[in-house]
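The values are calculated or read from the model by the stated rules, or taken from the named source; none is laboratory data. Keep in mind that what you see is a predicted model, and the values were worked out from it rather than measured. As a convention, Cβ positions derive from the backbone with ideal geometry for all residues, glycine included, and neighbour counts pool all protein chains shown. Just the protein is used for accessible areas: all its heavy atoms, side chains included, with ligands, DNA and RNA removed. Shrake-Rupley method; radii C 1.70, N 1.55, O 1.52, S 1.80 Å.
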Amino acid sequence: MTIKTEAWVLHAGPERSELATLVKEDFSFPDMTEDELLVEPIYGCWEANMTHALDRKPVDICRQRGESRVVLGNSGVVRVLRAGASVKQFRAGDFCLYFGAKITDPNGYMLKAPGYDALGSLGMLAKQIKIHRRQIILLPVRTRYSLRQWAAFCLRYLTAWSNWHVAYGAWRLQMDREEIPDEETFVWGWGGGVVLAELALAKLKGCQVFMIASQDERLQLIHDMGITPIDRRLFSALDFDEEQYRLDAAYKQRYQEAEKTFLDLIREYTAGRGVSIFIENIGVPVFRATVKALARQGVMTTCGWKKGMNLQFVRAIECINRHIYVHTHYARYSESRTAIAFAEETGWIPPDTTEVYGWDDIPQLARDYSAGTITSYFPLFQVNAH
């Protein structure tokens, strides 16, 4: 039996990379096996990896997978339609989170993501999809929160949960609470929804939390969540480019002035101590300044690489300063279930919103995200009614 549905599809590009557009068309796939489920996506959340796929950077996902077309999307809420014979923990009508790890290492950590680089996988940009039973997690039956909030929570908050626990653990390996209590632990972040979620966790710990942003709407949200907002526009020239720094004297001066403004703010807000844990999901443009902002024994933690993956630092200086670098990628299935239970109990979940792109507006969402005109940290789209 073959299942036919409607989907927004990414087609393979020519050998020379060029920007892609999504095409709405019929999409067919074989019926589910006994370990799979047929589900319908309700709300999805646009993720950076979807834009990477459309940009065909760093790779053409279709060519990498050896497939002529791919259905993207690995974050959101689905409703179960049918369950395979061996699937006992889910039933028709259940609302679940789409768990974005299809291929893992032996310890359960993600290697390849469904709806992105995992062969044969189907993402959220389809009216119906089939997925393995380990690719969804049941939501609390009588949840206090909307399906929109859970869709926003899905990938970003699960990623934040895993990264924060490693980063905070690394901090406490060197600095115990008797020396520096949580109330004197300074946690800063650059980035998007993952950083916001992680700082919200740090705040629940009692840490002093700060987030850098450049849009008024985002700065207001950060403030409303009890996090100290830092206006990026105060040091907008903090955008490091090694070659330009070496060759352009005017650029170098602007950069140095911006870096000084940034580091002066760090000293002011941390009483001269420096940042205890810095969540840095941007990359090259801010990495140099972020390293300088760290306290001794400070932790630089990341789970993203929005603007540059290849970084340089002086190993001797970092050893002397006892800086720890943490790198994580998404989360394990088991810790994701724990994170969902924690969110339901404590309210650690994104604020609700009615700003949702419709099914036919998804290409516009892709364009808006790429252009940087979306103010929400959690760009939602609706696939099916609920």
* **Selection within the range 103-143 - part of a loop (DSSP other than H, G, I, E, B) and polar (S, T, N, Q)** => N107, S121, Q128, T143
* For the range 234-248, which residues satisfy the criterion of being surrounded by 12 or more Cβ atoms within 10 Å (Cβ to Cβ) and within 28 Å of the chain's Cα centre (by Cα)? -> L234, F235, S236, A237, L238, D239, F240, D241
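One line per residue, one yes/no per condition, for (1) in contact with a helix residue (DSSP H, G or I) (Cβ under 8 Å, 6 or more places away or on another chain); (2) at pLDDT 95 or above; (3) among the β-branched types (V, I, T):
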residue	(1), (2), (3)
G13	yes, no, no
R16	no, no, no
L22	yes, yes, no
E25	no, yes, no
L38	no, yes, no
A48	no, no, no
D55	yes, no, no
C62	no, no, no
V78	no, yes, yes
* Looking only at the range 128-139, and only at residues there that are farther than 16 Å from A85 by Cα and open to solvent by 30 Å² or more (accessible area, probe 1.4 Å), the one that is farthest from the chain's Cα centre (by Cα) -> Q128
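Go through Y251, Y269 for me and flag whichever is surrounded by 15 or more Cβ atoms within 10 Å (Cβ to Cβ) and more than 29 Å from the chain's Cα centre (by Cα).
After ruling out the rest, the residue left standing is Y251.
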* Asked: Between residues in the range 111-130 that are more than 25 Å from D360 (Cα to Cα) and in contact (Cβ under 8 Å) with a residue 12 or more places away in the chain and residues that are of a type in the set (A, V, I, L, M) and surrounded by fewer than 21 Cβ atoms within 10 Å (Cβ to Cβ), which pairs lie under 6 Å by C-beta distance while being six or more apart or on different chains?
  -> A118/I103
* For the range 150-164, state whether one or more residues are assigned to a helix (DSSP H, G or I) and surrounded by fewer than 19 Cβ atoms within 10 Å (Cβ to Cβ). => no
* Based on what the data block shows, is R142 more than 21 Å from H323 (Cβ to Cβ) and open to solvent by 10 Å² or more (accessible area, probe 1.4 Å)? -> yes
* Answer residue from the range 8-47, given it is of a type in the set (A, V, I, L, M) and open to solvent by 40 Å² or more (accessible area, probe 1.4 Å) and is farthest from L138 (Cα to Cα) among those -> L19
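I'm trying to understand the selection: among the residues of the range 299-324, which are closer than 17 Å to V195 by Cα and either touching a residue at least 60 places away in the same chain (Cβ under 8 Å) or surrounded by 15 or more Cβ atoms within 10 Å (Cβ to Cβ) (or both)?
Across the range 299-324, the qualifying residues are V299, M300, T301, T302, C303, G304, W305, K306.
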